[in-house]
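Data block below; observations after.
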Amino acid sequence: MAPTEAFAPAKINLTLHVTGQRADGYHLLDSLVVFADVGDVVRVTPASEMLLQVTGPRASGVPDDARNLCWKAAEAFGAPVAIELEKHLPAAAGIGGGSSDAAAVLRAMEAAMGRRFEGHALALGADVPVCRLARAARMSGIGEIVEPVTVPVLHAVLINPGVEVPTPAVFRGLASKTNAPMDVLPEKGAFLPWLAEQRNDLEPPALVQAPVIGDVLSALSDAGAALSRMSGSGATCFGLFEDAAAAEQAARRLQQAQPGWWVTAARLS
Ligand code: C5P
């Protein structure tokens, strides 16, 4: 039987406002999320028992057993499958790699099995609900409220400096847990000026954990980005450029200057 394939795009938090904390410790978020045209690929085949094979340029160090969110997603779906996870995205990087992979497994399994996933996506991870939608959305609550929104297509350079930032430690480092939510999205035009006024509240505590994030943000600005910001809890940052050609040229230069960094141009929507 031919495998059913699904794309697992990188998730980018254009904004990430932390607006409160629940009694169980989880944080209330208000985030504008978009998806890139770069990502992982999952291939799913019905099987008699669970099997996970991790391939691709970023396979090293990725667990190929029940620790992997892909495996947990298939178990939550309730059918054994053989999964090939072709890794292109860096792990623990603030771009939802594991969550997007899990969402892609659910999509592929829905297509392969001809039934909807009736389980609890949020239980797999706070970013899994938005990754199931896989298009521009405003995410709130702790990640369970996902409303599709329209944003202009953006041309970005994504950079990960190869440092894994532990998400719980970044949240713990927040100076304030109660911050203003996002401003109302502009109806049309003036998107970049609006975006520049918004924040990623996790950027300051992530900078404490991984000061190299500051170097990444400076490198993006120096390369001509109109706006540069961290995604999620880091360490991946995005810079926004005028058009695809400008983003590709900046990505080439930045990769040459920093061969050890993961650098890619991407279209965000
Ligand atoms: O849900 P996920 O496994 O992606 O979350 C990783 C960690 O990030 C959680 O254990 C928690 O410490 C923190 N987190 C949070 N509030 C959220 C999402 C994540 O505090 N809304």
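Observations
- For the chain: accessible area per residue (Å², 1.4 Å): 44
- Each listed q (0.08, 0.09, 0.17 Å⁻¹) maps to a log10 I(q)/I(0) for the chain, found by the Debye formula over equal Cα scatterers with no solvent: -0.31, -0.39, -1.36.
- Within the accessible area of the chain (1.4 Å probe), percent carbon and sulfur: 52
- Ellipticity estimate at 222 nm from DSSP helix runs (n ≥ 4, -39,500 (n - 2.57)) divided over the chain, nearest 500: -8500 deg cm²/dmol
- For segment 20-61, the fraction of alpha-carbon pairs lying more than 15 Å apart is 70 percent, rounded to a whole number.
- Site pair Arg67 and Arg116 shows an inter-label distance of 3.5 nm when each label is modelled 7 Å from Cα along Cα→Cβ.
- With coordinates expressed along the principal axes, the C-alpha atoms belonging to segment 1-73 extend over 47, 30, 24 Å, beginning with the largest.
- By definition, a body whose alpha carbon gyration tensor gives a ≥ b ≥ c is oblate when a/c is 1.5 or more and a/b is not larger than b/c, and segment 82-152 fits this oblate description.
- Cβ-derived FRET efficiency at R0 41 Å, Ser218 paired with Met50, nearest 0.05: 0.40
- Relative to the Cα centre, the charge distribution of segment 4-147, modelled as +1 at Lys and Arg Cβ and -1 at Asp and Glu Cβ, gives a dipole magnitude of about 200 debye.
- Over segment 46-197, relative contact order from alpha-carbon pairs under 8 Å, at least 6 apart, %: 18
- On Cα atoms only, tilt of 244-257 relative to the major axis of the chain in degrees: 90
- Placing unit charges on each Cβ (+1 for Lys and Arg, -1 for Asp and Glu) gives segment 151-268 a dipole about its Cα centre, and among Leu202, Phe171, Gly214 the Cα reaching farthest toward its positive end belongs to Phe171.
- Rounded D (µm²/s) - segment 4-147, Kirkwood Rh over Cα pairs, Stokes-Einstein at 25 °C, 0.890 mPa s: 162
- Percent RCO, i.e. relative contact order, over segment 121-248, from Cα pairs under 8 Å lying at least 6 residues apart: 28
The values are calculated or read from the model by the stated rules, or taken from the named source; none is laboratory data. This structure is a prediction, so every number in the text was calculated from the model and none was measured. A quick note on method: Cβ atoms are made from the backbone with ideal geometry, for glycine too, and the neighbour counts reach across all protein chains shown. Accessible surface is based on the protein model in full, side chains and every heavy atom, while ligands, DNA and RNA are left aside. Shrake-Rupley method; radii C 1.70, N 1.55, O 1.52, S 1.80 Å.
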